Amino acid sequence: MDGDTSKDLSTGVALPPPDDEFVSEKELESWTNTILPGQYDSYEGVIIDHRSLPSDASVFKKYLIASIAQWKKERKHGIWLKLPIENVKLVEAAVAAGFGYHHAEPAYLMLTLWLPDGPCTLPPNASHQVGVGAFVLNDKNEILAVQEKNGPLKGTGVWKMPTGLTNQGEDIFDGAIREVKEETGVDARFVEVVGFSGCHCQSSKRSRSSTRVQR
């Protein structure tokens, strides 16, 4: 979605006859200079500029319908529409125009629209979590082990490596060092990745890497 862009969208382009069932051709022809601003991406898609969206839902609806008609004429593929939380009232018009939810974050909702007749090839939202398990050795070749205070192994008496999930934007080695510090208070040094494994945990997908760190 955030690929290189090649040019800004033009405005005020003559529009093709509409194929939208709730807007007449005569009405659409009266909407001039109403193409939503944004940028073309490298995959024949459009990233609408959320900073320039009209705040009025009825005006936004007209702009959006006119824009979709133009983008269809230009044979564009995927349309990305980011709606900040303050623009939540625009969601209904976007869904009525054919957009669907892609993902949500605390401050915005991302919607997409696929224009071609074929299968949609837009990438899905990120769905994986990356976990780390740290194999920690000291200069005496002693292995650092912990017992869980909460989680599935709580109260079982099992000793295990320090483990946890990496934070958003965090590298694997930083996550391993942080988890060791948080769980044991030990300052560790990253040495190497020992291995990777993957599993499907209920509805989420999780990948775990084993890392070797040293005190």
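The values are calculated or read from the model by the stated rules, or taken from the named source; none is laboratory data. Quick caveat, the model's predicted, so the values are computed rather than measured. Cβ atoms come from the backbone with ideal geometry, glycine included; neighbour counts cover every protein chain shown. Each accessible area value is taken on the protein alone, full model and side chains, heavy atoms only, with ligands, DNA and RNA left out. Shrake-Rupley method; radii C 1.70, N 1.55, O 1.52, S 1.80 Å.
Couple of notes before you dig in:
- Phi-derived couplings, Karplus 6.51 cos²θ - 1.76 cosθ + 1.60 at θ = phi - 60°, listed residue by residue for segment 94-102: 5, 5, 4, 7, x, 6, x, 6, 9 Hz, with x used for Gly and Pro.
- Among 184-191, 109-116, the order from most to least packed when residues are scored by Cβ within 10 Å on average: 109-116, 184-191
- Spatial separation of Cα centroids for segment 161-187 and segment 37-80, in angstrom: 42
- Carbon/sulfur fraction of accessible area - segment 25-114, other protein chains in place, 1.4 Å, %: 51
- Burial order of peptide ranges 136-143, 70-77, 155-162 (average beta-carbon count within 10 Å, highest first): 70-77, 155-162, 136-143
- From phi via Karplus (6.51, -1.76, 1.60), per-residue ³J(HN,Hα) for segment 177-189 in Hz, x at Gly/Pro: 4, 5, 4, 4, 5, 5, 8, 10, x, 8, 8, 10, 10
- Across every pair of non-identical alpha carbons in segment 131-184, the mean reciprocal distance, once inverted, gives a Kirkwood radius of 11.8 Å.
- Over segment 32-87: Kirkwood hydrodynamic radius from C-alpha pairwise inverse distances, Å: 11.6
- Here r is the Cβ-Cβ distance between D139 and A107 and R0 is 41 Å; the resulting FRET efficiency, rounded to 0.05, is 0.30.
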